[in-house]
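Only one structure is covered here, and it is reproduced in the block below.
The values are calculated or read from the model by the stated rules, or taken from the named source; none is laboratory data. Owing to the predicted nature of the structure, the values given are computational and were not obtained by experimental measurement. Because the Cβ atoms are built from the backbone with ideal geometry, glycine has one as well, and the counts that use them run over all protein chains shown.
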Amino acid sequence: MTMNDPLSNVLSNLYNCERVGKKECVVKPASKVINAVLAIMRDKGYIGEVKVVEAGRGNLIEVALLGRINKCGVIKPRFSFKKGDVEKYEKRYLPAKNFGIMIVSTPKGFMTHTESKEKGFGGRLISYVY
């Protein structure tokens, strides 16, 4: 198994487990970026409890699934956006206005696209969930 984009592997694994109807999904490896993305998804109610399990090299993450993910994935290439540009990407990656979130990386850390709009930050697009 090649690991060119670990975040993409984690999100597709979550999506597939959700599709099959599992209640829990174990993903690896654990990293700060993956933890930040999963924390935002948990805070917005797309997934349940997220637990990091120490497993020697490359820890595991146990994620409780709630059945609320319709689609999720990474945005490649990781487009940069200025503080006013996020609407055009909203149209491209989300199915409707005010439906779903895009997770962005800003100088002040990871946040949703709506938070970055409110705070007036630009940054890079990381992933989307709806």
In the range 80-94, anything modelled with pLDDT under 95 and in a loop (DSSP other than H, G, I, E, B) is listed as Lys82, Lys83, Gly84, Asp85
Residue hits (the range 78-105; out of contact with any strand residue (DSSP E or B) (no Cβ under 9 Å at 6 or more places or on another chain) and without any contact (Cβ under 8 Å) to a residue 24 or more places away in the chain) are Gly84, Glu87, Lys91, Arg92, Ala96, Lys97, Asn98
Those residues of the range 81-99 that are surrounded by 12 or more Cβ atoms within 10 Å (Cβ to Cβ) and either of a type outside the set (Val, Ile, Thr) or over 18 Å from Ser127 (Cα atoms) (or both) come to a total of 9
Of the residues in the range 95-122, those that are part of a strand (DSSP E or B) and out of contact with any His (no Cβ under 9 Å at 6 or more places or on another chain) come to Ala96, Phe99, Ser105, Thr106, Gly109, Phe110, Met111, Thr112
Residue set Val20, Val26; condition surrounded by 12 or more Cβ atoms within 10 Å (Cβ to Cβ), more than 23 Å from Thr112 (Cβ to Cβ) and of a type in the set (A, V, I, L, M); output residue Val26
Scanning the range 96-124 for residues that are in contact with a Ser or Thr (Cβ under 8 Å, 6 or more places away or on another chain) and not basic (Lys, Arg) gives Ile101, Met102, Ile103, Val104, Thr106, Ser116, Phe121, Gly122, Gly123
Exercise for review: Check the range 61-69 and report whether any residue there is of a type outside the set (A, V, I, L, M) and touching a Lys or Arg at 6+ places or on another chain (Cβ under 7 Å).
Suggested key: yes
All conditions in (1) outside any loop (DSSP other than H, G, I, E, B); (2) within 22 Å of Gly100 (Cα to Cα); (3) not charged (D, E, K, R) are true of Gly45 except (1)
Going through the range 1-42 in order, the residues found to be part of a helix (DSSP H, G or I), basic (Lys, Arg) and more than 16 Å from Arg68 (Cβ to Cβ) are Lys32
Selection over the range 60-75 where residues are surrounded by 15 or more Cβ atoms within 10 Å (Cβ to Cβ) and farther than 16 Å from Ile103 by Cα yields a count of 4
Going through the range 15-31 in order, the residues found to be within 12 Å of Val63 (Cβ to Cβ) and of a type in the set (Ser, Thr, Tyr) are Tyr15
Within the range 106-125, residues being surrounded by 20 or more Cβ atoms within 10 Å (Cβ to Cβ) and either closer than 21 Å to Ile47 by Cα or touching a residue at least 40 places away in the same chain (Cβ under 8 Å) (or both) number 5
